[in-house]
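One structure is given here, and the rest of the page talks about it.
What follows draws every value from the coordinates through simple rules; no lab data is involved. If you're wondering where the values come from, they're calculated on a predicted model, not measured in any experiment. Reconstructed Cβ throughout: ideal geometry from the backbone, glycine too, with neighbour counts over all protein chains shown.
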There are 2 protein chains.
Amino acid sequence: MTNEELVVIGQDGACCPGLSAAPLDEDRAVELARVFKALGDPIRLRLMSMIASRGEGGEVCVCELTPAFDLSQPTVSHHLKLLRQAGLIDCERRGTWVYYWVLPGVLDRLAGFLTTARTAAGAPPEGLPS
Amino acid sequence: MTNEELVVIGQDGACCPGLSAAPLDEDRAVELARVFKALGDPIRLRLMSMIASRGEGGEVCVCELTPAFDLSQPTVSHHLKLLRQAGLIDCERRGTWVYYWVLPGVLDRLAGFLTTARTAAGAPPEGLPS
């Protein structure tokens with residue numbers, strides 16, 4: 001159950017030009033929209049947060065994720081599949097359960113894509129904790 | 001035509017706990033999912049990029065945005081409305097045309113929400129240009 005889906009963000013270890021750097025081309029927009037769409041659902045965003053808050057190298061058993069939602073296990077697994085297909089997480093089955101983790105660096109690369117030149121150049125972003 | 005819609009990111013100038021800091025609560029997930037959903041469409045992502053690439057304080061006339069797409073003006077305006085309702089952009093009508101700009105700091109705050117503790121603490125994110 002390794003991730004053989006399209007990995008949009010940082011598949012080659014290099015980051016894309018930022019959203020504010022220049023108008024996005026169509027193909028890149030299609031790829032990146034898929035990532036944002038995956039995050040554009042409250043259930044998936046909470047799942048992503050539950051997994052990501054384990055920190056780098058951390059992982060979560062699906063058996064810990066499902067009880068947090070008033071949803072069936074197949075529905076939760078479907079949402080997890082969409083996050084995986086967007087290249088945000090990966091998983092592995094071990095015995096009865098499947099374990100999920102955030103792909104290394106993917107959130108920071110997505111953050112880097114959104115960061116404007118002003119902040120990238122070192123100016124402190126407004127409203128962020130110092 | 002000022003933005004009276006819900007401004008999800010940084011309405012009070014303060015940033016939220018990051019996605020990786022702790023599991024998101026349901027209400028916050030609903031609010032933030034709306035922002036990511038707005039970006040989760042190739043047309044809206046290209047519109048956002050076209051507007052954001054004008055830099056801080058820059059703005060774009062809808063008359064410049066529409067010709068970039070094989071879409072009707074009402075369709076483009078609908079996509080722009082969704083970006084505006086998500087609190088990402090605002091607009092003003094002047095004479096014949098409507099002008100759009102990115103709300104100050106919103107992209108950097110969204111980036112800050114995605115940035116992991118590792119990067120926030122100063123470690124260079126993998127795959128980002130140095």
Efficiency of FRET between A:Ser72 and B:Ala117 - r from beta-carbon atoms, R0 35 angstrom, step 0.05: 0.60
Volume of the Cα convex hull of segment B:41-121, divided per residue and given in Å³: 99
